[in-house]
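Report on the following structure.
Please treat every number below as a calculation from the coordinates, not as lab data. None of the values given here were measured: they were computed from a predicted structure. Using ideal geometry, Cβ is built from the backbone for each residue, glycine included, and neighbour counts are taken over all protein chains shown.
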Amino acid sequence: MRAEKSIQTRKRIRKPYIFKQALKYMLIILSILFFLFPIFWITVTAIKGPGEYYNFPPRWLPKNPTLIHFKSVQTTGAGGYTALKNSFIIATSSTVLVMLVGFFAAYSMARFKTGGNNLAFMILSQRFLPPIAIVFPLFLMMRVINFIDTYQVMILIYTVFNLSFVIWMLRGYFKEVPIEIEESAMVDGCSRVGVLFKVVLPMTLPGLITTAVFAYIFSWTEFLFAVIFSRTRVFTVPVAVSAYFGSEAQLWGEAGVMAVLSMLPIFFIGLAVQKHFARGLTLGSVKG
Amino acid sequence: MASSFLYYYQDSERKPLLNRTNAFLASRPEAQWRTRTQVWARQHQKWLMVLPALILMFGIGIFPLLFSIGISFIRWEPRIPGRPFVGFANFKDILTSIEYWTAMRTTGILVGAGVTIEFFFGLGLALLLVGKIKGKRIFMAILMLPVMMVPVVVGYTWRILWHAAYGPINQILGWFAGERVTLSWLSNTTTAFIALIVTEFWQWTPFMFLVLLAGLTSVNPELAEAASIDGASNWQTFWKVTLPVISPIIMVAFLIRTLDALKIFDIIFITTWGGPGYSTQSIAFYLYRTGSKHFRMSHTAAGAWIFLIIVAVIITFAVRLFKEEK
């Protein structure tokens, strides 16, 4: 009697359950399509010839895929591969610099409570400051010392631009290192610098890498400073894209190639720290 | 603590060490300077470690801000010779300009509507994915992609997608409508807003999703189990148990997104260029145009400061939230 009843209940539950699961997976597949479609579309635009992207109705898959835009991207305008090189130089140097400066500052703030909470929150609030408020005064300052359109100015700006984020993140990671470990290393004759590089660095390495990846992505994708501070010599990838496709030019194919090339390195390094991504996005308030 | 590793010596060991140091210094005067610097550096090492960061932040962050206060009280533009002091005239010009207020409204609409929609869809997706599901990691990886993309590239992509004749969106709408759709999305104010919000939505819903999913995953499953044993429905469990636990994370996600969305510039630069007319200009874009096209530095500075005051209020909230968490 009892067993019968439970089977009946199960049957009654099962139908809506299957329906629910089906609905769930359908929604998931729909959202995958929605989020992947634009990426798919630029990728095919990059390999379409001019006759194909100007085609009605739009062709989802090119009939004659071509690689001409991978060549013309360098010969048209200021040069797409030059932009990639510039972005690479600027993002890499500024990431190295910001990690170096941030490492010591964050350690001092985490371990010695330098400046207390006030300094920490002042630094955090800089992360939220709208860059438009400083971009023009900074431009006027840099013009005085003839720093416009140089690698140095872009590296410097991105270093500072990322500094508050990096210090805040690293401070969180360093706080998690138990002070006893550091003390026992010191009792064993390790100097402060030794502790930093032999104890703290290895223990917080995943956090350091995540933070560096975020700093890299910020410098790679930043546009406002780039468009104001770079003219003809030092222009980054976003500026190159906006030059191919903006209010003046409409070079769909070249911009498509630039778009694809700009995504690849970022996706690669971003997916490498997938596990720690949420922590980076929330400035450390989600530990995961 | 601050006095470095000497701290770890017993006092009885410390004295002879100091005596030896002094004796050494007395015997070699040329070593004095170096050693004294070393001692001084060791005493102040905690400040020396933050000093480079502070100098950089002051020089590139705070000093330009102060400089821009100065600029906002003079008139700095190419048409006007010299840089005369004008008092509050720049602020008055900005506050009475329709364009500035339109930009404020546009920013408000984009942030308000955008972030809210992103939140609800992000939460929905996170709730779908919170249990054990096949291919969860792949799904999360796919949703990480938009967040990492260059905003300029996102704008370019969507502009192609929205294109009246050669874009697939009109084509897909045409399939449903059964006739050719030739809506030019970006040349009409209402549809341009829709286009911008959808673009923002595409890039930043994954942000909400990833953050909220991380929050939901951190909720102890025993809590929900206990609630369901006590007879709570799924809906009740969500409202009464899950939501209160993740509400701090919701607040953090909301504030970070709001503060970042207030800076919206790149997408407008690429897709609408503020048009039609100046109806979709955001504050950042408006200030960029005043500054770079007309080189009106003073108006830009004044406008930026008015905007900053509003942003500062929200920043204060955000920082307080982070403080509570400590």
- Task: Report the one residue of B:Ser233, B:Phe88, B:Thr205 whose Cα lies farthest in the direction of the positive end of the charge dipole of chain B (charges on C-beta: Lys and Arg +1, Asp and Glu -1; origin at the Cα centre).
- Result: B:Phe88
- Item | Relative contact order of chain A, defined on C-alpha pairs under 8 angstrom at six or more residues apart (%) | 26 percent
- Nearest 0.05, what FRET efficiency do B:Thr191 and A:Gln250 give at R0 = 35 Å with Cβ-Cβ as r? 0.95
- Task: Find the relative contact order for chain B and round it to a whole percent, using C-alpha pairs within less than 8 Å whose residues are 6+ positions apart.
- Result: 25 percent
- Query: In peptide A:232-238, what is the residue-averaged number of other protein chain Cβ atoms found within 10 Å of each Cβ?
  - Reply: 2
- Query: In which sequence would A:Met122, A:Met263 go, from the one with the fewest C-beta neighbours within 10 Å to the one with the most?
  - Reply: A:Met122, A:Met263
- Task: Count neighbours as other Cβ atoms within 10 Å of each site's Cβ, and list the GluC sites (Glu not before Pro) in the range A:209-263 that are DSSP loop with at most 14 such neighbours.
- Result: A:Glu248
- Query: Once you sort the root eigenvalues of the Cα gyration tensor of the range A:57-104 as a ≥ b ≥ c, which label holds: rounded (a/c under 1.5), prolate (a/b larger than b/c) or oblate (the other case)?
  - Reply: prolate
- Query: Given the options B:Leu243, B:Leu129, B:Leu56, which has the most mean-square fluctuation in a GNM of chain B, springs set between C-alpha atoms less than 10 angstrom apart?
  - Reply: B:Leu56
- In Hz, Karplus ³J(HN,Hα) per residue of the range A:24-34 (6.51, -1.76, 1.60; θ = phi - 60°; x = Gly, Pro): 4, 5, 5, 4, 5, 5, 4, 6, 4, 4, 4
- Out of A:Gly270, A:Val96, A:Pro238, whose Cα points farthest toward the positive end of the dipole of chain A (charges: +1 Lys, Arg; -1 Asp, Glu; placed on Cβ)? A:Gly270
- Provide a whole-number value for the mean count of partner chain Cβ atoms within 10 Å of the Cβ atoms in peptide B:215-224. 1
- Calculated [θ] (222 nm, deg cm²/dmol) that DSSP helices of n ≥ 4 give over the protein assembly as shown, each run adding -39,500 (n - 2.57): -23500 deg cm²/dmol
- Item | Most mobile of B:Trp202, B:Trp76, B:Trp235 in a GNM of chain B (Cα contacts under 10 Å) | B:Trp235
- Item | Spin-label pair B:Gln38/A:Glu180, simplified geometry with 7 Å Cα→Cβ offset, distance in nm | 3.3 nm
- Rounded, prolate or oblate: pick one for chain A, where a ≥ b ≥ c are the square roots of the eigenvalues of its C-alpha gyration tensor, a/c under 1.5 means rounded, and failing that, prolate if a/b is larger than b/c, else oblate. oblate
- For a footprinting-style exposure proxy, rank B:Arg36, A:Arg192 by other Cβ within 10 Å, fewest first. B:Arg36, A:Arg192
- Query: Under 16 Å from the 7 Å Cα→Cβ point of B:Phe317, by amide nitrogen: which residues of the range A:88-131?
  - Reply: A:128-129
- Query: Charges only on Cβ, +1 for Lys and Arg, -1 for Asp and Glu: so what's the dipole of the protein assembly as shown about the Cα centre, in debye to the nearest 20?
  - Reply: 760 debye
- Item | Cα centroid separation, the range A:109-168 to the range B:148-191 (Å) | 38 Å
- Item | Net lengthening on full extension, B:Ile133/B:Ile109 (0.36 nm per residue, minus Cα-Cα) | 5.0 nm
- Task: Treat each spin label as a single point 7 Å out from the Cα along the C-beta direction, and report the B:Ala232 to B:Arg180 distance in nm.
- Result: 5.7 nm
- Per residue, what volume in Å³ does the convex hull of the Cα atoms of the range B:155-226 enclose? 134 Å³
- Message: Please list log₁₀ I(q)/I(0) at q = 0.11, 0.15 Å⁻¹ for the range B:90-325, using the Debye equation with identical point scatterers on the alpha-carbon positions.
- Response: -0.70, -1.09
- Query: Structure shown: which of A:Lys85/B:Lys46; A:Lys63/B:Lys134; A:Lys71/B:Lys263; A:Lys287/B:Lys240 lie over 28 Å apart, alpha-carbon to alpha-carbon?
  - Reply: A:Lys85/B:Lys46; A:Lys63/B:Lys134; A:Lys71/B:Lys263
